[in-house]
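The values are calculated or read from the model by the stated rules, or taken from the named source; none is laboratory data. Quick caveat, the model's predicted, so the values are computed rather than measured. Don't worry about glycine lacking a Cβ; one is built from the backbone with ideal geometry, like all the others, and counts go over all protein chains shown. Areas reflect the complete protein model, heavy atoms only, side chains present, ligands, DNA and RNA absent. Shrake-Rupley method; radii C 1.70, N 1.55, O 1.52, S 1.80 Å.
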Amino acid sequence: MNSLEAIYFPGTAIYSARQFPVFLLLEKAHLLRPVELPDTPGDSPDIFITSGLCQEYTPCPLGDNRDRFLRLIKDIRERKDDYAAQLSALTIASLSAKKSSIDDTTRGIISSLLGSHGVATSPEVEQDDQLWQARLVLKIAEILDQEEEEVAVQMAMLEDQEQDLFKELQGELDDEEDESLLDELRQVQDRIARPTATTVKNRLNGWSKLYRAAVEPECRLWLTHLEEAADILLEKYENATKLPAKGIAELELPANIGWSREDAVESMLNFRKTSAELRTEISAALSKPNEDILHDLCHRWSQAVDAAFPSEQYGRTTLVIYQLPSTGCSSLLGKTNDSGQLLGVVR
């Protein structure tokens with residue numbers, strides 16, 4: 001295999017500037033989308049998909065029920081009253097709650113939410129309800145993450161404007177002064193709270209339910225920015241095999257390559273052209289890991305990244321790749337295949 005593809009989890013859309021740099025290395029990411037997008041005339045397509053960087057899959061498409069689900073999501077996104085808050089809490093709680101612990105009131109709300117009619121009457125209906133819950137967990141998580149980052153970006157912009165105004169009043173403003181992407185990213189990150197362990201577990205459970213229902217691509221690499229989600233899988237692996245998860249490569253990445261998708265994609269495509277041969281070598285080396293070869297390739301990769309994205313301007317994160325030789329990530333989540341024997345975590 002001469003290219004490196006990955007399943008990106010926990011399955012929410014690629015939207016954050018903090019996620020963009022991984023595409024400098026990947027040939028393509030496969031995303032499980034909770035619900036198929038409406039084919040509405042005039043909608044602008046996602047540049048990550050049109051550029052060939054992402055491929056999306058929707059397990060068990062909703063079909064005729066899609067519009068109803070999207071109306072529900074719109075209602076949750078736009079309504080800021082107690083009903084929406086309770087709805088979100090009930091949906092997330094129900095995913096991890098034992099069936100016997102859900103009282104009649106909660107069950108009734110969930111049944112209404114899922115469009116079902118009381119208690120499931122067949123395994124098929126039960127499966128549909130579980131998938132609806134999983135979709136809701138991921139979509140609500142996506143909404144919350146997007147809103148939190150949008151607020152953080154706006155707050156950082158306001159702080160910059162206040163500082164510029166103060167400097168201007170003091171006669172200290174330098175027209176040539178540009179804030180680096182690293183500084184901008186730090187301002188935003190300082191305002192974004194890390195998700196709790198329970199929140200991450202619920203999201204991973206929701207993603208896992210969709211994943212098990214999907215006919216997914218065979219990818220040897222699974223990739224995530226949620227360290228807590230990766231830690232859950234690593235713990236599962238170690239408990240199942242009684243073997244330690246081994247980190248086999250550490251690849252440096254810029255912390256940020258641009259806030260807009262268009263700028264980020266342009267930077268990615270330019271870098272990918274100049275690093276094509278090196279990326280092919282890294283992909284081949286990960287097929288049969290050799291410590292010395294990987295160490296040399298990681299060093300060469302760092303040099304290439306440094307040349308294109310100086311650390312003082314773009315910052316750095318590290319993609320740590322673990323080898324799970326005895327069982328794949330798919331098996332850890334109940335699938336019958338062993339795909340995903342490499343786990344990548346952006347730390």
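Do the conditions hold for residue 274, that is, is it closer than 19 Å to residue 28 by Cα and touching a Phe, Trp or Tyr at 6+ places or on another chain (Cβ under 7 Å)?
For residue 274, the condition - closer than 19 Å to residue 28 by Cα and touching a Phe, Trp or Tyr at 6+ places or on another chain (Cβ under 7 Å) - is not met.
Quick check on region 192-208. Is at least one of its residues at pLDDT 85 or above, of a type outside the set (Ser, Thr, Tyr), outside any helix (DSSP H, G or I) and farther than 18 Å from residue 7 by Cα?
no
Does any residue of region 169-181 turn out to be out of contact with any helix residue (DSSP H, G or I) (no Cβ under 9 Å at 6 or more places or on another chain), in a helix (DSSP H, G or I), open to solvent by 30 Å² or more (accessible area, probe 1.4 Å) and modelled with pLDDT under 85?
Within region 169-181, one or more residues are out of contact with any helix residue (DSSP H, G or I) (no Cβ under 9 Å at 6 or more places or on another chain), in a helix (DSSP H, G or I), open to solvent by 30 Å² or more (accessible area, probe 1.4 Å) and modelled with pLDDT under 85.
Considering only region 322-347, state which residues are open to solvent by 60 Å² or more (accessible area, probe 1.4 Å) and under 18 Å from the mean Cα position of the chain (by Cα).
347 - this is the single residue of region 322-347 that is open to solvent by 60 Å² or more (accessible area, probe 1.4 Å) and under 18 Å from the mean Cα position of the chain (by Cα).
Can you confirm whether region 49-61 contains a residue that is under 20 Å from residue 125 (Cα atoms), open to solvent by 50 Å² or more (accessible area, probe 1.4 Å) and either out of contact with any His (no Cβ under 9 Å at 6 or more places or on another chain) or at pLDDT 75 or above (or both)?
So far as region 49-61 goes, yes, one or more of its residues are under 20 Å from residue 125 (Cα atoms), open to solvent by 50 Å² or more (accessible area, probe 1.4 Å) and either out of contact with any His (no Cβ under 9 Å at 6 or more places or on another chain) or at pLDDT 75 or above (or both).
Looking only at region 320-347, count how many residues are closer than 12 Å to residue 230 by Cα and at pLDDT 90 or above.
Residues meeting the conditions: 8.
Only one of 282, 232, 257, 248 is modelled with pLDDT of 90 or more and closer than 17 Å to residue 317 by Cα; which?
248
For the structure I just gave you, tell me whether residue 293 is under 22 Å from residue 342 (Cβ atoms) and either in contact with a Ser or Thr (Cβ under 6 Å, 6 or more places away or on another chain) or modelled with pLDDT of 90 or more (or both).
It is true that residue 293 is under 22 Å from residue 342 (Cβ atoms) and either in contact with a Ser or Thr (Cβ under 6 Å, 6 or more places away or on another chain) or modelled with pLDDT of 90 or more (or both).
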